[in-house]
Amino acid sequence: QEIKDITLRQFGTGVSNLNEVGQKVKEDLGFTLEMTALDSDSVTQRAATQPDSFDIADIEYWICKKVWPTGNLQAMDTSKIKNYDKIVGIFRSGKLTPESVIAQGTAPHSVGFVEGPDATSFAAEETGWMTLIPTIYNADTLGIRPDLIGRPIESWAELLNPEFKGKASILDISSIGIMDMAMVCEAMGEIQYADKGNMTKEEIDKTIAIFTEAKQNGQFRAFWKTFDESVNLMASGEVVIQSMWSPAITAVKSRGIPCVYQPLKEGYRSWGGGIGLSKSLSGMELDAAYEYINWYLDGWVGGFLMRQGYYSAVPETSKNYMSENEWGYWFEGKPATGDITSPFGDVLAKAGDVRDGGSFEERMGRVACWNAVMDENQYMVRKWNEFISS
Amino acid sequence: MAMSRHVVGWMQAAPLALVLAGFLVLPVILIVVVSFWGATEWSIYPAFLWDNYEFLFSSPVTYRVFFNTFKYALITWALTLGIGFTVAYFLAFHVRGQTTQIALFLLCTIPFWTSNIIRMISWIPFLGRNGIANQTLLDWGLINQPLEWLLYSDFSVILAFVHLYTLFMVVPIFNTMMRIDRSLLEAAYDNGASGFQTLWHVIVPLTKPGIMIGTIFVVTLVMGDFITVRFMSGSQSANVGRLISNDIALLQYPSAAATAVVLLCTVLLVIAILLRFVNIRKEL
Amino acid sequence: MGKRSTSFYVLAGFFGLFLLFLYGPTITIAILSFQGPQGGLTFPMNGVSLHWFHDLFQQQAVGDIWGAFRRSLLLGLMVMVATVVVSVMAGLAFRKRFKGSGVLFYLAITSLVIPSILISLGVGLLFDQLGFKVHWSTSGFGSQLTWTLPFGLLIMFAVFNRFDKSYEEAARDQGASAWQIIWHVILPIIAPSLIGVALFGFTLSYDEFARTLLTSGSYNTLPLEIYGMTTNVTTPVIYALGTLTTLFSLMIIALFLLTVWVMGKRRSRFGSDAGKGV
Amino acid sequence: MGREYDLELVNVSKSYGDTVAVKGLNHKFHAGSYVCFLGPSGCGKSTTLRMIAGHEDVTSGSIVLDGFDVSDLPPAKRGTAMMFQSYALFPHLSVRDNVAFSLRMKGVDQTTRHKAAGEMLELVDMSQYADRLPAQLSGGQQQRVALARALVTKPKVLLLDEPLSALDPFLRIRMRAELKKLQRELGITFIHVTHGQDEALALADEIVLMNNAVIEQSGSARDVFNAPRTEFVARFMGGHNVITLDSGKFALRADEVGVGPSGMPATVTGVEYQGAHVALNATTQSGEDVLALLPEAAFFADPKNPGDAIALTWNEGRLHRLQA
Amino acid sequence: MGREYDLELVNVSKSYGDTVAVKGLNHKFHAGSYVCFLGPSGCGKSTTLRMIAGHEDVTSGSIVLDGFDVSDLPPAKRGTAMMFQSYALFPHLSVRDNVAFSLRMKGVDQTTRHKAAGEMLELVDMSQYADRLPAQLSGGQQQRVALARALVTKPKVLLLDEPLSALDPFLRIRMRAELKKLQRELGITFIHVTHGQDEALALADEIVLMNNAVIEQSGSARDVFNAPRTEFVARFMGGHNVITLDSGKFALRADEVGVGPSGMPATVTGVEYQGAHVALNATTQSGEDVLALLPEAAFFADPKNPGDAIALTWNEGRLHRLQA
Ligand SMILES: Nc1ncnc2c1ncn2[C@@H]1O[C@H](COP(=O)(O)OP(=O)(O)OP(=O)(O)O)[C@@H](O)[C@H]1O
Ligand SMILES: Nc1ncnc2c1ncn2[C@@H]1O[C@H](COP(=O)(O)OP(=O)(O)OP(=O)(O)O)[C@@H](O)[C@H]1O
Ligand SMILES: NCCCCNCCCN
Ligand SMILES: [Mg+2]
Ligand SMILES: [Mg+2]
């Protein structure tokens, strides 16, 4: 069997399952990477229930927490990862800088390692066996339409402000949405959580109750499940304030519609994604997969993703694939010195523009919580379902 | 005749029976079984639990959602019946010449051949806050605020249902009407019946089978839907189908199965009642 | 019957509005699919171009439209053939009462009215529990058949309700065996209806969403892909796709009508004395 | 019986696009008479009847009933009632409700209309079937109900389009006697469309024979049968031979043709037994077919077979000259 | 014509559940004869024919053709062929292919079967229509094709179920002459089901009159007409009166009844003109209906109207005693 005959099947959300990556893999590595893009729920579902349908899972860390115990994934030997040492601290020790406080929720490092190749439970610190190789991450906050709001927004609590009745939205992905809700409830002073990332049943009930009431009062225009839905809602003016992902805001802006990624005083809700390998992968395919991972961390993809507004797990290598202007704008929070364009050619910012939220450290340093899978997750999911259906 | 008609019958019906056994009966049995199972975050395990039903029947949301489901079914039924009957009536009794009749009928069916999802999303640019409808109304000065309820509301859900399913009413009603002996209408006319009297005393009673068949289609399609409600309400409303699909999305199969069992019983009950009024096999 | 009554004009007006309602959205997206390269998903139009049709044939950022199209086409053809064959056989079976025919009939009705998501869920679960892989060509195929077969069967009922049994007796009288009767008499006579069943089977499959949702496995069919696009695409390319799918459906209908028309023409070649008292 | 002429067609025409179904019909129908429209398929009989009933507009001309032009009135206002070929009974209504239908449409209350329906059913001897649905009746019974339904409106003219054609021959003969009897009793005009000449002969006070959208001949049954105006009439009425002699074409009744020792030489081509008579077909030397209706006894006294040479005889006085 | 008796029904019965459609039929059909089955609707004619054809199993009894019991053979193996009421021509096949169908089923090659079909079409005079589809033919043409298709199998017995009922009256008479001619030429047995007694009289060498699932009477057309065995036969054949005298019931031909100065007193109830004759209905004092078929000339010499008192006369020798 030759390398060019190898096909690896990867699936994930539309965020990173981009066909350009597959093309580039074919060019650089010679084998075929088939990409399937799904929404978050379908991703979880497939990772958990259809281990034969993929070779590489491009999933989020909180999904990993659900999926790893199924045994559908295999641990990866960090010694085979060339750039392992250059991966940012968040994914290894949990700390961006040695003095950082670890945020609440399912922090990536807490589900990033296992004791050995066959272990089913997570290890507390780096072990040399990784569950997911981190690829992409970001800090989320509320996105707003400044033109339609016309005043500063400073707190998560604004999401439930009756002023925005019928013009607010949150996302319908329970593990992420519940964290947004918690940020809002805490900011409103309604609930003090011991640990937002691991709520008690009472906390869940109370949180959901507050949002159910708001929903019934017509606070929300719509819920969204994917990146692009949030873009469409915002761009069409159906919604003026909603929890949103950074590149989605970029996408709205690229259409010439004002949209701000609004840093808030309570901090960000963060998320991280990585790629995991199917248990059934072995032999040449497994080798190819490692080759792919190494290539992934080598910078081209990092640059490609960073130029859309995400962060790369190995920023240093990505820098090689970005211009100084781009690196300054996207990573360092500096004013652009010329047009900033997306990898697809859309102009996202002009000279002098500064990225909302500032530099990498400013953003990732102010993470209040991570998307989470809590102990009472099943209960939370049911309540979430009720909320959506109410 | 060597083989009995029972054997021959089963040999000919075997493929159908096999498909239905494998893809209808077994799955439904499994759904019933699984509705008693337990679930973890990522998997399901055999058990015999009443939990799923308990949770279902103890949640006020369940009742609200079932109510919503019936509400959608009833309103959509009434509208599709009104529109479908009128359209079929026009085609069958007011359009002259079979060629024109068939041509106009085909014209009605063409949108049916387009993807449902695309037909559904086409409403969004039309109904949105800045959509054509609102723009037009604003331009005409009929309103000075965009109408919010045009999109992401019960209105838009029902609009989409009516748009998607009216044809399922038109077809069987038209079919039945075309089989009404025209001389009955002349006889009614001859007996002094006005157009409306003919409609009410002759056409409507004779069209009942078609109405029933159309009703069965529309009611089941609406009751089983989950995607239209999600799209058109912006996830703001729910029917039973969505309850199930949300559960499925969150890997809560036993809970989804329990809801599905209840939905199935409801739908079958409704259909069983409707079938008492019409002999489908004879009316085709 | 000479002059049109007022009610005719009222009803004609209603019918016109109904058509507008039916076609309005489709026309809206057809127009929007000609947006300029900078255009968005909503009005106003930002220029006029074929950009998005062109774009449709380029690789998209995510997904694989044409792969999905090929799969849907193939699946549609598979379902079409299966629907025709199985419905005809079952239709033949149901012409005589056999033990259990009532149960089977009501199963078919159940299959028609059962909410699609139950099939999706049930078949997904079944394959999972049996350790089979779901795939559009196996579980997806079977699930779609639960929807197309009852339709096919009902059409066959309608066909056989109108089928004159004396054709068969005549054939038997002429020495045709049971097979020869089916092959040389029944099938040719009901052929036009079979084309109808085939067309119906194909399009029901080609557009099926709910029953395929959880049963198609790794590869999307076109409706699933379109569904995916509605959540992953922010450009009018999806409208271009919608417009093209509509045109594709229309093409199939046109082809069908053309076939029927040509067949009719061919037959009338020799003139007719029908209805004349000779 | 009031006025002398009850119903009159004045230059009535009907076209469907290019087809002229009825061309300039003029006719007066004697009040209280039984009129049969007779003619080959497609000659315009039904169209004429339907124009009288008001189910078809006249393209030109007028229909005058009792001195009023009713051409533009709706069917129920004309004083006519129609009985349809396949009866057109409302399948969802009982016999009683079928008969009472027109009264219900007028808003007559239930007791009154049931009483009226009961009387009509009595008239047609169907009282005991009042609660049945039409599908539960035989053809003859259905016909009586249809009659009752038409008569309940007290029409001046009853229009019947091939009322007997759906019945078997046995019943047909019985029902035609009943129709005739009923018409006598009611004293109203019946206009009955048929394409059976025996039916027309048996029933009609007046026969209107149509051909090609026009009236070919009209008159009493006997006049039409005995004095056909044209070859078409002679042939269509049956029982006639058309014989070409040097002096023109003549009609000759088949029962006036005998087989004798001498006469016109001919060859037997067919023999049909008809009960009281035997129909003998023969071809003359000039190639004309001649039909002789011979009394059974006479024939079997000297039977002939196809191929036999015979001589045909007739009384010259019985030849009837044809105009076309 | 080989054996004396060609086709024999031996105690043939047929039941559908509780309904007995045919009860213990015994009959021998004379080879090469034209047989008509006659009887009221539902009496079992079609069932009998279909049992002979093999389209219906016999419940008990045997069907013997040429000495062989064919009761269990499939239709095509029996030496019979059937012509269906609505012809049942295969709508998707050309006239030629319809006629050649049975040969094709047997695997005969195309040239041979087209030749055979061509000959048959020649026989029924339809050669020029060989390429048409059945829908492009008129009723009469379709019938000939159906005949050709049935005859191409060279049957010993041709079975026809109401072959003429779909035709209009004009065409019916023409086609019945053609049927008779064809049967003469071919010399095979025709068994023809009808419920028109005129048709049976005109065609049949032998009439088999059924009633209530049994054969009521059979014999030559003339025998049945002139010597009805029972009241039912007399009434069903038509043209007869049934008169009750002290010595029993008698049949009397209607054309044997006259109106005279003295005789049985009666009241005229109806007058039907029938062309050459006038049918005069009268009721005797005992309430019996009597039909007198009077020659037209005689009637109109002294016309009667309903209500007139008359005296009916007949020749005592013409009374025919009935058995039931
Ligand atoms: N609705 C119509 N449209 C067009 N042509 C018609 C229509 N109705 C009748 N015709 C034509 O008008 C002519 C007369 O038809 P009509 O029905 O009056 O004949 P008919 O004498 O009643 O014949 P039949 O004995 O077959 O009933 C025919 O040529 C027929 O084809
Ligand atoms: N398939 C059947 N099932 C049940 N009963 C039947 C069936 N076919 C015929 N019969 C019954 O058998 C009896 C004889 O029917 P058959 O068709 O032989 O009558 P027929 O003499 O041909 O009448 P017609 O003149 O109306 O055609 C009738 O009572 C009929 O209802
Ligand atoms: N496009 C082919 C026919 C569409 C039928 N749609 C009905 C879908 C109901 N689920
Ligand atoms: Mg007519
Ligand atoms: Mg019969």
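General observations
- Going from the chain on its own to the full set of protein chains, the stretch E:235-282 has these residues losing 10 Å² or more of accessible surface (heavy atoms, 1.4 Å probe, no ligands, DNA or RNA): E:ARG235, E:PHE236, E:ARG253, E:ASP255, E:VAL271, E:GLU272, E:TYR273, E:GLN274, E:GLY275, E:ALA276, E:HIS277.
- Burial ranking of peptide ranges C:195-201, C:236-242 (average Cβ count within 10 Å, highest at the top): C:236-242, C:195-201
- In this structure, B:THR136 and C:VAL10 have a Cβ-Cβ separation that, at R0 = 25 Å, corresponds to a calculated FRET efficiency of about 0.55.
- Anisotropy class of the stretch D:172-215 from Cα gyration tensor, a/c 1.5 cut: oblate
- With kT/(6 pi eta Rh) evaluated at 10 °C and eta = 1.306 mPa s, and Rh the Kirkwood radius from Cα pairs, the stretch E:185-324 diffuses with a coefficient of 98 µm²/s according to Stokes-Einstein.
- The stretch A:97-167: Rg to Rh, with Rh as the Kirkwood radius over Cα pairs: 1.21
- Unsatisfied cross-links (Cα-Cα over 19 Å) in the set A:LYS4/A:LYS26; A:LYS167/A:LYS215; C:LYS165/E:LYS156: C:LYS165/E:LYS156
- Pair C:LEU77, A:GLU202: separation of 7 Å Cα→Cβ label points (nm): 6.5 nm
- Per residue accessible area in Å² of chain E, where ligands, DNA and RNA are left out and the probe is 1.4 Å: 41 Å²
- As a ratio to 2.2 N^0.38 Å, the alpha-carbon radius of gyration computed for the stretch A:130-194 takes the value 1.35.
- Note that the stretch A:254-390, at 4 °C in a medium of 1.567 mPa s, gets a Stokes-Einstein diffusion coefficient of 73 µm²/s from its Kirkwood radius over C-alpha pairs.
- For the pair D:VAL214 and C:GLN58, label points projected 7 Å from Cα toward Cβ lie 7.8 nm apart.
- Entry note: the stretch B:1-134 has Rg to Rh equal to 1.14, where both radii use alpha-carbon atoms and Rh is the Kirkwood radius.
- Amide H contacts of E:ARG253 (H built 1.01 Å from N, in plane; Pro and chain starts excluded): E:ASN241 sit under 5 Å, all sequence-distant by 5 or more or on other chains.
- Share of carbon and sulfur in the accessible heavy-atom surface of the protein assembly as shown [1.4 Å probe, %]: 56 percent
- Debye log10 I(q)/I(0) for the stretch D:240-321, one point scatterer per Cα, at q = 0.18, 0.24 Å⁻¹: -0.68, -1.21
- Average accessible area per residue (Å²) across the stretch C:73-212 - probe 1.4 Å, nucleic acids and ligands excluded: 34 Å²
- Under the Debye formula (equal points on every Cα, no solvent term), log10 I(q)/I(0) of chain E at q = 0.07, 0.13 Å⁻¹: -0.36, -0.98
- Sequence-distant residues sharing a close amide H with A:PHE113 (under 5 Å, placed H): A:ALA123, A:THR131
- The alpha carbons of the stretch B:212-284 occupy a box of 44, 27, 15 Å along the principal axes, longest dimension given first.
- Across the stretch A:322-334, rounded Karplus estimates of 3J(HN,Hα) from the backbone phi angles (6.51 cos²θ - 1.76 cosθ + 1.60, θ = phi - 60°) give 10, 6, 4, 4, 5, 4, x, 5, 6, 9, 8, x, 8 Hz, Gly and Pro being marked x.
- Percent of beta bridges antiparallel (DSSP, the stretch D:5-226, rounded to nearest 5): 55 percent
- Within the stretch A:325-342: backbone nitrogen closer than 17 Å to the A:ALA351 label point (7 Å, Cα to C-beta): A:325-329, A:334-341
- Across peptide A:245-258, the average count of Cβ atoms from other chains found within 10 Å of a residue's Cβ is 1.
- Restricting the calculation to Cα atoms, every distinct pair contributes to the Kirkwood radius of the stretch E:36-184, found to be 16.2 Å.
- 17 Å reach of a label modelled at D:GLU288, 7 Å along Cα-to-Cβ, counting backbone N of the stretch D:306-324: D:310-324
- Fraction in percent of alpha-carbon pairs per bin - 20 Å, chain A: 29, 60, 12, 0
- Length-normalised contact order for the stretch E:5-226 - Cα pairs under 8 Å, 6+ apart - percent: 29 percent
- Per-residue average of Cβ from other chains inside 10 Å of E:129-141: 5
- Using Cβ point charges alone (K and R +1, D and E -1), the dipole size of the stretch A:261-341 about the Cα centre works out to roughly 360 debye.
- Förster radius 51 Å - calculated FRET efficiency between A:LYS80 and A:LYS265 (Cβ-Cβ, nearest 0.05): 0.75
- Scattering profile of the stretch A:13-162 at q = 0.10, 0.11, 0.17 Å⁻¹ [log10 I(q)/I(0), Debye over alpha-carbon scatterers]: -0.47, -0.56, -1.11
- Cβ-placed point charges (K, R +1; D, E -1), dipole of the stretch E:31-92 about Cα centre in debye, nearest 20: 200 debye
- The long axis of helix E:139-151 is offset from the longest Cα principal axis of chain E by roughly 60 degrees.
- Mean Cα-pair separation over length for chain A, i.e. relative contact order, pairs under 8 Å, 6 or more apart, %: 23 percent
- Shielded by partner chains, the stretch A:188-233 residues - at least 40 Å² of accessible area, 1.4 Å probe, vs chain alone: A:ARG221, A:PHE223, A:LYS225, A:ASP228, A:GLU229, A:ASN232
- Span from the the stretch D:25-45 Cα centroid across to the the stretch E:292-324 one, whole angstrom: 31 Å
- Qualifying trypsin sites (Lys or Arg not before Pro) for the stretch A:127-196 [loop in DSSP, other Cβ within 10 Å: at most 16]: A:LYS165
- Qualifying trypsin sites (Lys or Arg not before Pro) for the stretch D:1-53 [loop in DSSP, other Cβ within 10 Å: at most 13]: D:ARG3
- In the assembly of identical copies, E:ARG235 has its label point, taken 7 Å from Cα in the direction of the beta carbon, separated from the corresponding points by 4.1 nm (ascending, one decimal).
- Translational D in µm²/s for the protein assembly as shown (Stokes-Einstein at 20 °C, 1.002 mPa s, Kirkwood Rh from C-alpha pairs): 54 µm²/s
- Segment B:GLU148-B:ARG182, length gained on full extension (0.36 nm per residue, minus Cα span): 7.5 nm
- Coordinate range along principal axes, alpha carbons of the stretch C:63-232, Å, largest first: 63, 33, 25
- Spatial offset of the stretch A:227-281 relative to the stretch A:312-365 amounts to 16 Å, using the alpha carbon center of each.
- Shielding score for E:96-104, defined as the mean number of other chain Cβ atoms within 10 Å: 3
- Protein accessible surface hidden between D and E, which excludes ligands and nucleic acids, total in Å², probe 1.4 Å: 2400 Å²
- Gyration tensor (alpha-carbon) shape descriptor, the stretch B:61-283, a/c threshold 1.5: oblate
- The calculated FRET efficiency for B:ARG276 paired with B:VAL25, based on their beta-carbon distance and R0 = 25 Å, is about 0.60.
- Take the Cα of A:GLU190, step 7 Å toward its Cβ, do the same at B:PHE155, and the gap between the two points is 2.8 nm.
- From phi via Karplus (6.51, -1.76, 1.60), per-residue ³J(HN,Hα) for the stretch C:105-117 in Hz, x at Gly/Pro: 4, 5, 4, 4, 5, 4, 4, 6, 9, 5, x, 4, 5
- Extension gain for B:GLU54 to B:TRP200 (0.36 nm times residue separation, less C-alpha to C-alpha distance): 47.8 nm.
- Karplus-derived 3J(HN,Hα), 6.51/-1.76/1.60, for each residue of the stretch E:67-72, Hz, glycine and proline x: x, 9, 6, 9, 3, 9
- Look at the alpha carbon pairs under 8 Å that are at least 6 residues apart: their mean separation over the length of chain B gives a relative contact order of 27 percent.
The values are calculated or read from the model by the stated rules, or taken from the named source; none is laboratory data. Because the structure is a prediction, the values reported are computed rather than measured. For neighbour counting, all protein chains shown are included, and Cβ atoms are generated from backbone atoms with ideal geometry for every residue, glycine included. SASA here: full protein model, heavy atoms, side chains in, ligands and nucleic acids out. Shrake-Rupley method; radii C 1.70, N 1.55, O 1.52, S 1.80 Å.
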